[in-house]
1. Check every one of the strands (runs of 3 or more DSSP E) wholly within region 22-139 and list those with 1 or more residues that are in contact with a strand residue (DSSP E or B) (Cβ under 6 Å, 6 or more places away or on another chain), crowded, with 17+ Cβ neighbours inside 10 Å and free of Cβ contacts under 8 Å to residues at least 24 places away in the same chain.
2. Scan region 250-275 for residues that are surrounded by fewer than 17 Cβ atoms within 10 Å (Cβ to Cβ) and touching a helix residue (DSSP H, G or I) at 6+ places or on another chain (Cβ under 7 Å) and report the count.
3. For region 143-168, how many residues are modelled with pLDDT of 90 or more and surrounded by fewer than 20 Cβ atoms within 10 Å (Cβ to Cβ)?
4. Filter region 177-210 for residues that are within 22 Å of the chain's Cα centre (by Cα) and free of Cβ contacts under 8 Å to residues at least 24 places away in the same chain; which is surrounded by the most Cβ atoms within 10 Å (Cβ to Cβ)?
5. Considering only region 205-243, state which residues are closer than 15 Å to residue 156 by Cβ and not in a strand (DSSP E or B).
6. Just to be sure before I move on: is residue 74 touching a helix residue (DSSP H, G or I) at 6+ places or on another chain (Cβ under 7 Å), more than 24 Å from residue 183 (Cα to Cα), at pLDDT 75 or above and not assigned by TED's automatic domain parsing to the domain that holds residue 235 in the structure I sent?
7. Output the number of the condition that residue 167 fails; it satisfies all remaining conditions of (1) over 14 Å from the mean Cα position of the chain (by Cα); (2) closer than 23 Å to residue 65 by Cα.
């Protein structure tokens, strides 16, 4: 449920109708980072603690346990390795569509000084390189190279999902949560197909450098399987709104990413069908030990 103006919460408008808005909202390079932040407001006796999910030269996305009235937000304080940053900000958007039950809030910087901009630029550049290197390892066997990986890094957000939570559920309507293409940085996720009775059919157990999800983002179709974390798991994500931007700004890269998402789904379905038919990939019985 959107609590404010947000391009993160997509609606039923066509891509052509939203193209100008998406391009306007994504002028600045941004990257997913996980870092504590303190939010200042005249309404608070003490600063409110939150987590940065992504940052750009123009603003940042933060996660908090509960909504913050946008008009009451006045500033943030961030302790980066490069230095402490204090910024005047205004709230731009807010949404509750979050798989980890947190509230996401978009903040815009107000007239930061030159020193502050240098600290943010240093953090942004190093984070883009780090995330780009990570994604290049995810895509090491595909046609997406390091330059494209760095481009994708600038459309990411990050989150930590607690053990036992679901990134998505089979049959879930993509618009009901903040659907995304996920990349596991730390932790593990089990993919499974639930059955009417008995244990679910496990289609995969994925660890770091694995990609999952994205059917709702690329094709607006319900999820094929359940995705549940086996431990506290950190994921990078490219949201539906970010992927819509990629389709406009870098259509060939978006197409390559779409193909990888679909290929991963088809490979898991193929393995499941083979297992259910009693055959492994070599044509031998999967029940023979």
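1. 48-56
2. 1
3. The qualifying residues number 11.
4. That would be 206.
5. 209, 214, 217, 240, 241, 242, 243 - these are the residues of region 205-243 that are closer than 15 Å to residue 156 by Cβ and not in a strand (DSSP E or B).
6. no
7. All conditions are met except number (1).
The values are calculated or read from the model by the stated rules, or taken from the named source; none is laboratory data. All figures in this text were calculated on a predicted structure; none of them were measured in a lab. Methodologically, a virtual Cβ is constructed for each residue, glycine included, from the backbone with ideal geometry; neighbour enumeration extends over all protein chains shown.
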